[in-house]
Amino acid sequence: MSSVIIISECLCYTIKAARKYDKSTVIQTLAKFYHEEELVAAKYELCKCLQAVASATPTAPGIDGLSKFVNGKGAPISRRGNDPANRRFLEAEDVMGMLMIADLCNAELPNFVAADLDRVPGLCWNAGDTVSANVDKLTTAVDDILKRMKEMENKLTTPSTHVDNVNMEHMAMRDEAAAGDSTGNLRSPPVSDPVQQPGKSFASLAADIAVSKPAFSFKKMARGRNQAVNSTIKVVPRELTCFVGRLDKDVSEQDLHGFLTGQGMKGITCKKLVARDGRTFRTSAFRVTCSTESAELFFDESLWPSGVELRDWVFYPRNNNGSTL
């Protein structure tokens with residue numbers, strides 16, 4: 001550790017803050033707290049320290065990166081501009097940049113101390129204000145939510161004494177109506193407000209709504225079953241269409257139709273597929289359709305020969321010229 005002591009509140013703060021906080025936070029604090037003259041003085045002190053390191057090793061090519069902060073005479077570059085705040089920000093960036101260069105070249109810096117503690121910001125001066133402001137906003141938002149929930153709970157909650165009074169009145173009217181008047185005519189109880197249920201908390205009502213079933217339901221697709229013969233409405237029966245492959249190339253449409261009909265399937269039609277462009281294959285494939293009544297038999301793997309491939313037929317839209325897309 002160097003025995004040299006130099007008074008510089010700006011560098012005293014910067015070196016200590018750079019060990020705990022990110023670069024952008026330290027730069028913003030420097031630019032907002034320190035005057036432009038204080039930042040320029042800090043740059044001069046760092047420049048002298050780095051030049052001393054360079055002069056200690058005359059054979060070295062120099063300190064990498066230092067040329068962007070000093071001019072041809074070795075003095076720190078002065079940042080120009082019409083905006084004072086922007087000039088201070090640029091000067092603060094130079095201070096941090098020169099400190100990083102000193103750290104990379106292992107320069108032994110003097111001990112920078114502060115003579116005026118009023119010119120040293122708190123180490124969390126910038127970040128602390130931001131965190132405190134966010135905590136205050138969060139606290140205000142939570143308090144507002146709790147207040148609204150309490151108001152809703154008060155509106156939904158009925159005092160138990162009022163409920164008891166209403167229940168007693170209704171019981172009295174019911175007994176009076178059952179007893180009837182002196183002429184023997186029964187009187188219907190007067191119409192009044194319905195009995196209010198005991199009050200529930202907002203949380204209880206929300207839980208009841210969450211577990212309650214909806215008042216409406218959707219029906220699944222229905223399918224007609226009327227077998228009227230004299231009806232003028234004709235129905236096009238639905239068919240299953242599938243691709244059947246991996247059959248021997250000598251199997252014909254009649255062979256496959258007879259096999260499937262023999263398994264009890266209804267509405268079977270078979271069409272042998274022809275390869276395009278004159279290509280030949282060692283197996284044959286068919287487009288097979290059948291009635292939906294035979295769906296269970298049609299998709300029963302135990303009824304098909306071993307090795308046969310069966311999958312849904314894929315329909316593609318057609319162009320105007322009739323070819324598929």
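The values are calculated or read from the model by the stated rules, or taken from the named source; none is laboratory data. The shown structure was predicted, so the numbers you read here are calculated from the model rather than taken from an experiment. Glycine also receives a Cβ, built like all others from the backbone with ideal geometry; neighbour counts cover every protein chain displayed.
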State whether the residues of segment 293-312 include one that is among the polar types (S, T, N, Q), touching a residue at least 24 places away in the same chain (Cβ under 8 Å), in a loop (DSSP other than H, G, I, E, B) and touching a helix residue (DSSP H, G or I) at 6+ places or on another chain (Cβ under 9 Å). no
Going by the structure shown, is Lys43 over 12 Å from Leu99 (Cα atoms), out of contact with any Gly (no Cβ under 6 Å at 6 or more places or on another chain) and at pLDDT 85 or above? no
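Conditions tested, residue by residue: (1) without any contact (Cβ under 8 Å) to a residue 24 or more places away in the chain; (2) among the hydrophobic types (A, V, I, L, M, F, W, C).
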| site | (1), (2) |
| --- | --- |
| Lys16 | no, no |
| Arg19 | yes, no |
| Thr25 | no, no |
| Leu30 | no, yes |
| Tyr34 | no, no |
| Val40 | no, yes |
| Glu45 | no, no |
Specify the residue that is modelled with the lowest pLDDT; the eligible residues are those in segment 101-153 that are in contact with a strand residue (DSSP E or B) (Cβ under 8 Å, 6 or more places away or on another chain) and surrounded by 11 or more Cβ atoms within 10 Å (Cβ to Cβ). Pro110
What number of residues within segment 69-89 are free of Cβ contacts under 8 Å to residues at least 60 places away in the same chain, in a helix (DSSP H, G or I) and crowded, with 18+ Cβ neighbours inside 10 Å? 2
Exactly one of Gly278, Gly267 is free of Cβ contacts under 8 Å to residues at least 24 places away in the same chain, among the small types (Gly, Ala, Ser) and over 16 Å from Gly307 (Cα atoms), and that residue is Gly278
Residue tally, condition more than 23 Å from Asn86 (Cα to Cα) and surrounded by 17 or more Cβ atoms within 10 Å (Cβ to Cβ), over segment 10-50: 2
Mind checking whether some residue in segment 50-58 is in contact with an Asp or Glu (Cβ under 9 Å, 6 or more places away or on another chain), at pLDDT below 75, at negative phi and not in a loop (DSSP other than H, G, I, E, B)? yes
